[in-house]
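Trainee: Quick one: the structure is below, questions incoming.
The values are calculated or read from the model by the stated rules, or taken from the named source; none is laboratory data. No experiment lies behind these values; they were computed from the predicted model shown. As a convention, Cβ positions derive from the backbone with ideal geometry for all residues, glycine included, and neighbour counts pool all protein chains shown. Just the protein is used for accessible areas: all its heavy atoms, side chains included, with ligands, DNA and RNA removed. Shrake-Rupley method; radii C 1.70, N 1.55, O 1.52, S 1.80 Å.
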Amino acid sequence: MSKWAKTQRDKSHLSIANKLRQRGFSVCDLAGVGDDVPDLLVANWQFASLVEVKEPSGAFDVTQLEYASTWKGNVMFAQNADEIVEAFRVGKFLTLNDKDKIAEIALKVRATSKAERPRLAVSKFAKLMQVC
C-alpha cells in the first residue's frame, strides 16, 4: 500500500481535475505529496499554478496557508473548475499583497489557537482576507 493511500481529498477534487482536463488543461494531482503542498498543479500554454481545492464548508490547516504565502510561483485557492478556468483566462492568481495577508492571518490563527495544527474555516478565511 502506498504511503499516499490515506490522503484525504476534498469531495470535488477529482471532479475538478477531470473537468479541467476536458477543457484542455494539464493537471497533475499533488494531493498525495503531503507537506501541505496544494492539491493540484494546473497549466495551460500561458500559466502554471498550484491550486488548493477547498469545499465551501471546508477548512484550511494553517500550514496550508503558510505554504501558499511563501510559494514563489503562482498559487490559488478554488472551490470549482470554473474559478480555475477564469483565473487562468485573466491571469489572476494570489498576488504578493494577498500572500502577505495570508501570512498575517496564519500568524494570528497560530497565536490564538492552542492546537498544534490549527484550522480555519473557508468562510472565515474569506472574511479575514477582505478585512486585512
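Trainee: Out of Ala48, Ala87, Ala59, I need the residue that is among the aliphatic types (A, V, I, L, M), buried (at least 18 other Cβ atoms within 10 Å of the Cβ) and touching a residue at least 24 places away in the same chain (Cβ under 8 Å). Which one? Don't jump to the end; show me each part of the working.
Mentor: Details: Ala48 fails: buried (at least 18 other Cβ atoms within 10 Å of the Cβ); Ala59 fails: buried (at least 18 other Cβ atoms within 10 Å of the Cβ).
None of the other options fit; the residue is Ala87.
Trainee: Whether any residue in the stretch 91-108 is out of contact with any helix residue (DSSP H, G or I) (no Cβ under 9 Å at 6 or more places or on another chain), among the basic types (Lys, Arg) and open to solvent by 90 Å² or more (accessible area, probe 1.4 Å) is what I want to check.
Mentor: Checked against the condition, which is being out of contact with any helix residue (DSSP H, G or I) (no Cβ under 9 Å at 6 or more places or on another chain), among the basic types (Lys, Arg) and open to solvent by 90 Å² or more (accessible area, probe 1.4 Å), the stretch 91-108 yields no hits at all.
Trainee: List pairs: first in the stretch 94-121 and over 10 Å from Val62 (Cα atoms), second open to solvent by 90 Å² or more (accessible area, probe 1.4 Å) and outside any helix (DSSP H, G or I), Cβ under 6 Å, 6+ apart or cross-chain?
Mentor: That search, which allows pairs on different chains as well, returns nothing.
Trainee: Specify which of the listed residues (Met76, Met129) is without any contact (Cβ under 8 Å) to a residue 40 or more places away in the chain, open to solvent by less than 50 Å² (accessible area, probe 1.4 Å) and within 11 Å of the chain's Cα centre (by Cα). Give the steps one after another, and end with the answer.
Mentor: On the way: Met129 fails: within 11 Å of the chain's Cα centre (by Cα).
Of the residues listed, the single one that is without any contact (Cβ under 8 Å) to a residue 40 or more places away in the chain, open to solvent by less than 50 Å² (accessible area, probe 1.4 Å) and within 11 Å of the chain's Cα centre (by Cα) is Met76.
Trainee: Could you check how many residues of the stretch 62-73 are surrounded by 12 or more Cβ atoms within 10 Å (Cβ to Cβ) and among the charged types (D, E, K, R)?
Mentor: Adding up the residues that qualify gives 1.
Trainee: For the subset of the stretch 79-93 comprising residues that are more than 13 Å from the chain's Cα centre (by Cα) and outside any helix (DSSP H, G or I), which member is nearest to Ser57 (Cα to Cα)?
Mentor: So the residue we want is Lys92.
Trainee: If you go through the stretch 110-126 one residue at a time, how many are more than 18 Å from Lys54 (Cα to Cα) and part of a helix (DSSP H, G or I)?
Mentor: The initial filter retains those residues of the stretch 110-126 that are more than 18 Å from Lys54 (Cα to Cα), namely 110-116.
Narrowing the set further to residues that are part of a helix (DSSP H, G or I) leaves 110-112.
So the answer is 3.
Trainee: Do we have any residue at all in the stretch 112-119 that's modelled with pLDDT of 95 or more and aliphatic (A, V, I, L, M)?
Mentor: no
Trainee: Mind listing whichever residues of the stretch 96-118 are closer than 16 Å to Ala68 by Cα and either small (Gly, Ala, Ser) or under 14 Å from the mean Cα position of the chain (by Cα) (or both)?
Mentor: Asp98, Lys99, Ile102, Ala103, Ala106
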